[in-house]
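The values are calculated or read from the model by the stated rules, or taken from the named source; none is laboratory data. The structure displayed is predicted, hence computed values, not measured ones. Here the Cβ is made from the backbone with ideal geometry for all residues, glycine too, and neighbour counts use every protein chain on show. Ligands, DNA and RNA are excluded from the accessible area calculation, which covers all protein heavy atoms including side chains. Shrake-Rupley method; radii C 1.70, N 1.55, O 1.52, S 1.80 Å.
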Amino acid sequence: MAEPWRDRARRAVEWNWRLRSVGDPRPHYVICGKDALAYYVARAMLESELPVGGARVTVVVPERYRSNGPDVAGLRGVRVVRSDRLDVATFEAAGLAGATGLALLHQDDVGNLHAALCAQAVDQRVRQVLRMFNGTLADGVRKLLKAPVEVLSDAEMAAPAFVAAALNEVDPSSFQHRDKTLRVARRADVRPQDVVCALAHLSEARGVELLPAQQAGADLVLAEATGQPPGTEVAARRLVRARRRRRPISVVVGAVRGFATRKIGIAVMVVLALIAVLGALISRAEDVSPLEALYLTLVTTLSGADPDTTKAADAQIMQVVLNLAGLALIPLITAVVVDGIVNARLALHTGRLQPARVGHVVVIGLGNVGTRVMAQLREYDVEVVAIDKDPEPRGAALARQLEVPLIVGDAALPETLASASVADCQALVVASTDDVANLEAALAARDLRADLRVVLRLFDGDFAERVEETFALGVSRSVSYLAAPAFIGALTERAVISTIPVDRHALPVAEVPVAAGSELDGRPLDAVNRDGQVRLIARTPAGGARTIWWKDLDPRQVIFAGDRLTVVARRRGLDWLTRQCAPPAHPEPVTRPAGSVHGGAHTPAAASPPVPGQTGPGGGAAHPVPPGGDAPSTTNGVQPDERELTRRHDGPGEVS
């Protein structure tokens, strides 16, 4: 069958576009993906290199797809290649040969591995960043591929934020760098001498203020770990202790209610009520004691009675009615038993037969993120109940291993939520991959309990923010929004040590080398800090000397080439610092006065502006340097036309 003319025309245009890009000195990145993570990574790559003309970004998406969030193919400035297969032909059409980096961001571990092998056949030198959920497979990929590769899991990076929100605590993430272990904590939970830097002011009036200038009153800080358990672990222990004090009566009532269907239960209650009324009337008619009346009632109901024509007419009528009630009660008891056994088997198969619970956490959706959240909660010994439409979701095997009950059903239905005891749970984590289903489940849960803490996963970060403000559903999170900075850092070869989620933002912790002749070469350490953008926490002098941490940093100390600066920053702040630490566009010999290295001020080579982009471990440029054409002049390290150039691209705000 001939190729449709529209496809032929589109492919011709794309091929000519690729030919026009030959010889373009700008760094070229190829991004394969269709969801929000691919969108945020592509947008960041477009914006991060703007001061010297921008990076070239090619996005490979399927021929026909429906975006569940922001559309990566709709970004202005990207070149789009449509292909359902990530094979050698697709990568050649995308111009992968000679590219700076390749990001494989589909939610398919095996598909990403196959694509990585095909990309390796096109160019073994291109840096690859893979998105993978399976940790064992990720370790194998690092050994298998000959190309430089970084394997990351967005679910693993985002799960701590969901766990912390479910327990009403700050993110429990911690990381180790050099000889220190650092963690995020509330200022009230750590000693003042252990505070590394302030991360955020949290207030309802002003919202979230990241890396504030006034560090003394910050609510959220980065602190040195000293053996004291983090707030999330303390909250989990408190929840476990409260779980042990369950209400036994409610457990029994819930078990009885779940034993048989509602109709059979009503029929049994009506028959028992009729027997009780007739027993009371017999007691009055026969003029016997209550115990004797109970005996006569039971015997007459269960076994019948000998006819006695000498009795009064009303006594005979009650006797006949009791016999009829007895005839109805026996089959009803049999039906209750049979129905209970059948329901128990079906409920055990689907996970609906669950005892009543109090103080647990309900996780909806056992995909990549939901499975990680469930595993981390069980590590804290928090009781978890899982709900999923699929009888065998991705996390089903792990749920059985951790003895987490899995309820199969639609989480938007009240009966499904009731079987998970949502009305009595500590929090509800809605982490499926369908935004509409997540919203429906969250609203249905709020109908059962108005004050329920709901942690809602939404793909679009802007949509998540608006839902949280408008519907007051609790805490909304975008996994892609939280994980994007780590993927961006790996793609640009920045030494991103960790990513700290703060509310709906993400702060990367990175180590940036200072190149000879860069803007920061010879300047004091105080030039690194920028309120709201960059905060310096450590400096490793050139030559592998001992790292100098925040306690011993003197803002008057001079920065020399080869130093490595460890910072907490926003993405734009990290872009700025990377440019300030990059070598000049036209390297010139750097002359130093005698004796100035150890004591005096050092004058950097400022004849040429820095090159944006990343520096390698030795201080060299990681991206090709554009020939000719100086970058715009800077004032205090800020590009004057950065704001204007950023307007060329669509999309809300910054990623971090």
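Observations, loosely collected:
- Cβ crowding within 10 Å averaged over residues, with 72-81, 153-162, 481-490 ranked highest first: 481-490, 153-162, 72-81
- Centre separation in Å (Cα based) which lies between the stretch 408-478 and the stretch 130-173: 24
- Neighbour net charge for Ala147 - beta-carbon separation under 9 angstrom, K R +1, D E -1: +2
- Mean Cβ neighbour count within 10 Å, used as a protection proxy, ranking 128-137, 366-375, 541-550 highest first: 366-375, 128-137, 541-550
- Within the accessible surface of the stretch 122-167, defined with a 1.4 Å probe on protein heavy atoms only, the carbon and sulfur portion equals 48 percent.
- 12 Å beta-carbon shell around Arg523, net charge (K/R +1, D/E -1): -3
- Highest mean first, the peptides 87-94, 185-192, 383-390 sorted by other C-beta atoms within 10 Å per residue fall in the order 383-390, 87-94, 185-192.
- Using a probe of 1.4 angstrom and keeping all protein chains present, the accessible surface of the stretch 352-456 works out to 39 square angstrom per residue.
- Proximal charge balance of Ala538 [Cβ under 14 Å; K/R count +1, D/E count -1]: +1
- Average projection, convex hull of the Cα set of the stretch 399-462: 4.9 square nanometres.
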